[in-house]
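Here is the structure we will look at, set down as structure tokens.
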Amino acid sequence: DSLQLTALDGTPLPLAALRGRPLLVNVWASWCPPCVEEMPELAAFSRQQGDNGVQVIGLALDEPQAVQAFLQRVPVPYRIALEPPGPADSSVALGNARGLLPYTVLIDAQGRIVKRKLGPFAHGEIAGWASRVN
């Protein structure tokens, strides 16, 4: 839980600072078709959460230029963190042993990982998947 991500603009984004509300971290890349396909679902879910709901962060294992170009075409309302992919990247620390994308974890308000999902969300699936946490 002491995971330190870096926001797209280069500022630190420590996960511990986001405690107090559940957090959904979606690991993706601009070159991953299933990741791109589920982005509208994540964006809609994020918009529905309001100020007290589940926080959403997209962790792009990608190049900064590729991510910025992608987000210009497909803007999302949630924060994007960025990291070069590698054998010890943050998705591995979050339990993504196989290194496949997309990969999503749900972290409860106390900072514990309570759910993991490998592969994209189907239409309408995220709300139910993320609802069983407080």
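The values are calculated or read from the model by the stated rules, or taken from the named source; none is laboratory data. For clarity, every value in this text was computed on a predicted model and none was experimentally measured. We place every Cβ from the backbone using ideal geometry, glycine too, and count neighbours over all the protein chains shown. Remember, those area values only see protein heavy atoms, side chains included, never the ligands or the DNA or RNA. Shrake-Rupley method; radii C 1.70, N 1.55, O 1.52, S 1.80 Å.
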inquiry  = Being open to solvent by 30 Å² or more (accessible area, probe 1.4 Å) and modelled with pLDDT of 95 or more narrows it down to one residue among Ala127, Ala66, Ala88, Ala81; which is it?
reply    = Ala66
ask   = Does Asp51 count as of a type in the set (D, E, K, R), on the phi < 0 side of the Ramachandran plot and modelled with pLDDT under 90?
value = yes
message = Can you find, within region 20-56, the residue that is least open to solvent (accessible area, probe 1.4 Å) among those that are in contact (Cβ under 8 Å) with a residue 40 or more places away in the chain, among the charged types (D, E, K, R) and assigned to a helix (DSSP H, G or I)?
response = Glu38
inquiry  = in contact with a strand residue (DSSP E or B) (Cβ under 8 Å, 6 or more places away or on another chain) and either part of a helix (DSSP H, G or I) or open to solvent by less than 10 Å² (accessible area, probe 1.4 Å) (or both): is that true of Ala60 in this structure?
reply    = yes
key: All positions within region 7-17 that are under 18 Å from Ile107 (Cα atoms), touching a residue at least 60 places away in the same chain (Cβ under 8 Å) and open to solvent by 20 Å² or more (accessible area, probe 1.4 Å)   = Ala16
remark   = Taking region 91-103 and keeping residues surrounded by fewer than 16 Cβ atoms within 10 Å (Cβ to Cβ) and either on the phi > 0 side of the Ramachandran plot or without any contact (Cβ under 8 Å) to a residue 12 or more places away in the chain (or both) leaves Gly95, Ala97, Gly99
